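**Q** The structure that follows is given in the form of structure tokens.
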Amino acid sequence: MPAAGCSSLIPAKWADPVPSAAFPQDNAEERDWQVFGVEQTGQLAKANGRSSDVIAVVRACEARDQAAVRQIERPWWRRLLPG
């Protein structure tokens, strides 16, 4: 089996929450609220992107591990053959 576990393939900084966009001040104008909405949507897209990326990493890791198990379970003499 590979030495690195699946969780080691996920960037460590992803354990930190995605911060919210800066909330407008009390005296904010309409444009400030619009900017906040756009920035907040960007932060949400970042957070949601992590979910799909993590699922892809785990699937790739599982496939890697399954290939390693198949390789190990082959008869000993097949290990001498290429591929």
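The values are calculated or read from the model by the stated rules, or taken from the named source; none is laboratory data. This structure is a prediction, so every number in the text was calculated from the model and none was measured. Because the Cβ atoms are built from the backbone with ideal geometry, glycine has one as well, and the counts that use them run over all protein chains shown. All accessible areas refer to the heavy atoms of the entire protein, side chains included, with ligands and DNA or RNA removed. Shrake-Rupley method; radii C 1.70, N 1.55, O 1.52, S 1.80 Å.
**Q** Look at the stretch 1-41 and say how many of its residues are β-branched (Val, Ile, Thr) and surrounded by 12 or more Cβ atoms within 10 Å (Cβ to Cβ).
**A** Adding up the residues that qualify gives 3.
**Q** Taking only pairs six or more apart or across chains, which ones have beta-carbon atoms under 7 Å, a first residue in the stretch 3-18 that is within 28 Å of ALA67 (Cα to Cα) and at pLDDT below 80, and a second residue that is open to solvent by 90 Å² or more (accessible area, probe 1.4 Å) and charged (D, E, K, R)?
**A** Hits for this filter: zero, empty list.
**Q** Could you tell me how many of the residues in the stretch 13-32 are touching a helix residue (DSSP H, G or I) at 6+ places or on another chain (Cβ under 8 Å) and assigned to a helix (DSSP H, G or I)?
**A** Residues that pass the stated criteria total 1.
**Q** Keeping to the stretch 42-56, report how many residues are open to solvent by less than 40 Å² (accessible area, probe 1.4 Å) and under 23 Å from GLY5 (Cβ atoms).
**A** So the answer is 1.
**Q** Still on this model: Within the stretch 63-79, does at least one residue satisfy the condition of being surrounded by 10 or more Cβ atoms within 10 Å (Cβ to Cβ), among the small types (Gly, Ala, Ser) and not in a helix (DSSP H, G or I)?
**A** No, because not a single residue in the stretch 63-79 is surrounded by 10 or more Cβ atoms within 10 Å (Cβ to Cβ), among the small types (Gly, Ala, Ser) and not in a helix (DSSP H, G or I).
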